[in-house]
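The block underneath contains the structure these notes are about, expressed in structure tokens.
The values are calculated or read from the model by the stated rules, or taken from the named source; none is laboratory data. Because the structure is a prediction, the values reported are computed rather than measured. Reconstructed Cβ throughout: ideal geometry from the backbone, glycine too, with neighbour counts over all protein chains shown.
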């Protein structure tokens, strides 16, 4: 039987699935802030940890480099990019615009199930933040979970995809700051801002919800920039 040329060039399903899985796992590390700017990503070690061959890891890393979430250094090492203060300010402005819109939409479109999910994440983050000795990695993860529970309630998969692309870049910076300045968990105001967002979404107040998430993003950004941890 003659195989059509187009079909002959299709990748095997197994390989494509593994590459997608590797991309998702690496993306989650970045979005959740478990990788910091400057952290190196070993393809061989990643392949061993995920239990796959090098090929799907290379494909996943190539996609993340195209997303500008990873970069290849002159000596061919793969790492999380460093970010300048100017780039971080630009990222913050874009996040406020897009995530603010998503949060306003959440206030308009959320269901009771969405509200319950947002409330659970808000409670979990607040409880972790108020501990005498908080688990910083866990707190960063919970912060991400709260935000994405809010954005899911907007009922716009396109918006969520856009926001995840922004968080591929923002997550590592947030993680780096928490490592250097754990006091921000208690003094940065996130607990209060999250409560404001939850209340606004519950009340169906789009502009108050937008303002709450903007204050949360800007408060964190101002704290990070005030510490001088990012190069000019």
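A few comments on the model shown:
- The lone exception for residue 64 - which of (1) over 24 Å from residue 199 (Cα atoms); (2) at pLDDT below 95 it fails: (2)
- Total residues in the stretch 54-93, condition under 21 Å from residue 228 (Cα atoms) and under 17 Å from the mean Cα position of the chain (by Cα): 11
- Residue match in the stretch 70-77 (condition: assigned to a helix (DSSP H, G or I) and crowded, with 18+ Cβ neighbours inside 10 Å): no
- Residues in the stretch 197-210 that are assigned to a loop (DSSP other than H, G, I, E, B) and either surrounded by fewer than 16 Cβ atoms within 10 Å (Cβ to Cβ) or outside the structural domain of residue 118 (by TED's automatic domain parsing) (or both): 204 only.
Residue-by-condition table, conditions (1) closer than 26 Å to residue 37 by Cβ; (2) buried (at least 19 other Cβ atoms within 10 Å of the Cβ); (3) touching a helix residue (DSSP H, G or I) at 6+ places or on another chain (Cβ under 6 Å):
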residue: 146; (1), (2), (3): yes, yes, yes
residue: 154; (1), (2), (3): no, yes, yes
residue: 160; (1), (2), (3): yes, no, yes
residue: 171; (1), (2), (3): yes, yes, yes
residue: 195; (1), (2), (3): no, no, no
residue: 212; (1), (2), (3): no, yes, yes
residue: 218; (1), (2), (3): yes, no, no
residue: 222; (1), (2), (3): yes, no, no
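- Among residues that are farther than 18 Å from residue 89 by Cβ, within 15 Å of the chain's Cα centre (by Cα) and either surrounded by fewer than 22 Cβ atoms within 10 Å (Cβ to Cβ) or at pLDDT 90 or above (or both), residue 141 is included.
- For the stretch 43-52, the set of residues classified as in a loop (DSSP other than H, G, I, E, B) and touching a residue at least 12 places away in the same chain (Cβ under 8 Å) consists of 52 only.
- Candidates 43, 130, 35, 50 - the one that is buried (at least 18 other Cβ atoms within 10 Å of the Cβ) and either in the same structural domain as residue 149 (by TED's automatic domain parsing) or on the phi < 0 side of the Ramachandran plot (or both): 35
- The conditions of being outside the structural domain of residue 35 (by TED's automatic domain parsing), under 13 Å from residue 198 (Cα atoms) and surrounded by fewer than 20 Cβ atoms within 10 Å (Cβ to Cβ) are met by residue 115.
Residue by residue, here is whether (1) in contact with a strand residue (DSSP E or B) (Cβ under 8 Å, 6 or more places away or on another chain); (2) in a loop (DSSP other than H, G, I, E, B); (3) under 18 Å from residue 172 (Cβ atoms) holds:
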{"site": "24", "(1), (2), (3)": "no, no, yes"}
{"site": "30", "(1), (2), (3)": "no, no, yes"}
{"site": "56", "(1), (2), (3)": "no, no, no"}
{"site": "68", "(1), (2), (3)": "no, yes, yes"}
